[in-house]
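S.K.: Sharing a structure below in structure tokens format, with a few things to ask.
The values are calculated or read from the model by the stated rules, or taken from the named source; none is laboratory data. Nothing here was measured: the structure is a model prediction, and the numbers come from that model. In this analysis, Cβ positions are derived from the backbone assuming ideal geometry, glycine residues included, and neighbour counts consider all displayed protein chains.
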Amino acid sequence: MIVGTQKPLEEIWDMIKGFRKVLVLGCNTCVAICHAGGGKEAEILASLLRMKASLSGVETTVRHAAIERQCESEFFEPVMDEVRASDVVLSLACGVGVNFLADKAGDIPAFPGIDTAFFGAVEKAGIFKELCAGCGGCILHLTGGICPVARCSKSIMNGPCGGTSDGKCEISRDVDCAWYLIVERMKKLGTLEKLFEIQPPKDWSTGLYGGPRKVVLEHITAPEPPEKGKESQGGM
Amino acid sequence: MKPQSEQREAPSIEKPHGIPDGWEPNILAFACHYCAFAAADLAGVMRLSYPASVKVLRLPCTGKLDYIHILHAFERGADGVFVAG
């Protein structure tokens, strides 16, 4: 899932205070799980903004809505009337959702209400941890299922650096050394010898360093070929 | 699919102003049915009184209380919210 945290109220207020009709639009998937931008958070933020507007002596209408995902067109349909009726939409989706909404919202500005942080998992209630960096070249089968790109502070590809100490990273005692975890896990799996295999240099161009990425599934996007019967009819 | 956009019209929020003489705060008390509300009931039986500006709202359990209920209380003019459970 994508993990984010809500921006401070003052920062959000600075963005939207010049607008009269504000729609706070939640996203009920990833950012709802991390309590940052779901429908519930949208309702709470809308309430806080109404009170902030009143205390600031500004006449502002703040409404809220939420859809299941702000990264797919289909889900926007029920709220597009509300979007069009607004002066600004404060999206509580991740950056993907805000970008996508901006494309759909025409001349209505779409502003971010959360700071999108990373791809992560729920370690336990209230704790979210980065586990994948979306580098576009997965090597988890070689590293015991533990990603050195995301979980090593230096994204080192060939073992721990000199900063490892008692299984912890030199940047903080709260950060596990990913390579310590990899070695321990591979020992447990009996696959430690895999680490001795020489790997080619990692191709970082498949990550963000290679520019914006796109996946195209031609079997889904390509137009269907005309049916044979119809084609022959057309030719006659 | 439900748009989840159903919502009440935004209530009109009181503008900030000075405190008039004789002002008493509006307090909304959320009370658990099984403990605090029963205690309030007992207080009534004992003829104990509390200010009329305190409104008691019974909940099946204060675990039901959410942030938004407290925020709505403030939006609708409560000066303080008291939760007992």
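S.K.: Can you tell me which residue in region A:4-50 is nearest to the other protein chains (Cβ to nearest Cβ), limited to those that are closer than 22 Å to residue B:74 by Cβ, assigned to a helix (DSSP H, G or I) and in contact with a Lys or Arg (Cβ under 8 Å, 6 or more places away or on another chain)?
M.R.: A:46
S.K.: Next up: Every residue in region B:14-73 that is more than 26 Å from residue A:52 (Cα to Cα), of a type in the set (Ser, Thr, Tyr) and assigned to a helix (DSSP H, G or I), please.
M.R.: B:62 - this is the single residue of region B:14-73 that is more than 26 Å from residue A:52 (Cα to Cα), of a type in the set (Ser, Thr, Tyr) and assigned to a helix (DSSP H, G or I).
S.K.: With respect to residue A:123, is the statement that it is closer than 27 Å to residue A:34 by Cβ and surrounded by 14 or more Cβ atoms within 10 Å (Cβ to Cβ) true?
M.R.: no
S.K.: So which residues in region A:69-84 are more than 7 Å from chain B (Cβ to nearest Cβ), without any contact (Cβ under 8 Å) to a residue 60 or more places away in the chain and not basic (Lys, Arg), if there are any at all?
M.R.: Narrowing region A:69-84 to residues more than 7 Å from chain B (Cβ to nearest Cβ): A:69-77, A:80-81, A:83-84.
Subset that is without any contact (Cβ under 8 Å) to a residue 60 or more places away in the chain: A:69-77, A:80-81, A:84.
Scanning region A:69-84 gives A:70, A:71, A:72, A:73, A:74, A:75, A:76, A:77, A:80, A:81.
S.K.: Another question, if that's okay. Identify the single condition in (1) over 18 Å from the mean Cα position of the chain (by Cα); (2) modelled with pLDDT of 95 or more; (3) surrounded by fewer than 20 Cβ atoms within 10 Å (Cβ to Cβ) that residue A:23 does not satisfy, given that it satisfies every other one.
M.R.: Every listed condition holds for residue A:23 apart from (3).
S.K.: Cβ-Cβ distance below 8 Å, separation of 6 or more or different chains: which pairs start in region A:133-158 with a residue that is exposed (fewer than 14 other Cβ atoms within 10 Å of the Cβ) and end on one that is charged (D, E, K, R) and at pLDDT 95 or above?
M.R.: From residues that are exposed (fewer than 14 other Cβ atoms within 10 Å of the Cβ), the pairs are A:145/A:185.
S.K.: Name the single residue, out of those in region A:85-106 being hydrophobic (A, V, I, L, M, F, W, C), farther than 30 Å from residue B:15 by Cβ and touching a helix residue (DSSP H, G or I) at 6+ places or on another chain (Cβ under 7 Å), that is nearest to the other protein chains (Cβ to nearest Cβ).
M.R.: Checking each candidate, the answer is A:93.
S.K.: I've got another one for you. Anything in region A:198-215 that is exposed (fewer than 14 other Cβ atoms within 10 Å of the Cβ) and either part of a helix (DSSP H, G or I) or touching a helix residue (DSSP H, G or I) at 6+ places or on another chain (Cβ under 8 Å) (or both)? List them, or say none.
M.R.: Listed by number, the residues that qualify are A:199, A:205, A:208, A:209, A:210, A:213.
S.K.: If you don't mind, there's one more thing I want to ask. List pairs: first residue in region B:60-78 and within 14 Å of chain A (Cβ to nearest Cβ), second residue of a type in the set (Asp, Glu) and in a loop (DSSP other than H, G, I, E, B) anywhere in the structure, Cβ distance under 9 angstrom, at least six positions apart or on different chains.
M.R.: Listed pairs, sorted by first residue: B:77/B:14.
S.K.: While we're on this one: Any idea which residue in region A:51-70 is surrounded by the most Cβ atoms within 10 Å (Cβ to Cβ), counting only those that are assigned to a strand (DSSP E or B) and touching a Pro at 6+ places or on another chain (Cβ under 8 Å)? I'd like the intermediate steps shown before the answer.
M.R.: Filtering region A:51-70 for residues assigned to a strand (DSSP E or B) gives A:61-67.
Narrowing the set further to residues that are touching a Pro at 6+ places or on another chain (Cβ under 8 Å) leaves A:65, A:67.
Values: A:65: 23, A:67: 26.
Result: A:67.
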